[in-house]
1. Residue 145 fails exactly one of the following numbered conditions: (1) modelled with pLDDT of 70 or more; (2) surrounded by 13 or more Cβ atoms within 10 Å (Cβ to Cβ); (3) more than 14 Å from the chain's Cα centre (by Cα). What is the number of that condition?
2. Would you mind finding the one in 60, 5 that is under 19 Å from residue 138 (Cα atoms), within 9 Å of the chain's Cα centre (by Cα) and at pLDDT below 95?
3. What about residue 86, is it assigned to a strand (DSSP E or B) and more than 17 Å from residue 128 (Cβ to Cβ)?
4. Of everything in the stretch 55-66 that's open to solvent by 10 Å² or more (accessible area, probe 1.4 Å) and touching a strand residue (DSSP E or B) at 6+ places or on another chain (Cβ under 8 Å), which residue is nearest to residue 3 (Cα to Cα)?
5. Out of 3, 69, which single residue is open to solvent by 30 Å² or more (accessible area, probe 1.4 Å) and β-branched (Val, Ile, Thr)?
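The values are calculated or read from the model by the stated rules, or taken from the named source; none is laboratory data. Bear in mind that the values here come from a model prediction, so they are computed numbers and not experimental data. A quick note on method: Cβ atoms are made from the backbone with ideal geometry, for glycine too, and the neighbour counts reach across all protein chains shown. Remember, those area values only see protein heavy atoms, side chains included, never the ligands or the DNA or RNA. Shrake-Rupley method; radii C 1.70, N 1.55, O 1.52, S 1.80 Å.
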Amino acid sequence: MSIFGLDVGSRTVGVAVSDPMGWTAQGLEIIRINEDEKEFGIERMKELVEQHHPTGFLLGFPKNMNNTIGPRAEAAQAYGELLKETFGLPIDFQDERLTTVEAERMLVEEADTSRAKRKQVIDKLAASLILQNYLDRKGPLVAASGSKMTFD
């Protein structure tokens, strides 16, 4: 079994998945959404859930730099609740401050990726970083073991 890691924005959701043992995160795709139009990509998420059978969702939690919760963090919480209601799976949140900045730095400095290509993959890479940080913090088998999967 696996965990989905999500980087939720107002226009896209980057999706990553853990390996069955909970060691590594791999980017899956970017789902186009439109928060203003209440289009949240749930149909595509259903297809991904059917394909990968995750045991839960981990969402990036974009706190403000002063550790307060702003509008983007509230939007992530609302998206998490929508997923919980739709799929009946546990959700958890991972502090994602500066994750997108880290992803962009990796694409610029390490991969020398053009601006156009960065835009196409940055949310997927950010989702992978969010999930990998969580897996590293929780330890192996978190995705495979219901007893270790606390989603606190």
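1. Failing condition for residue 145: (1).
2. 60
3. no
4. Filtering first and then ranking leaves 55.
5. 69
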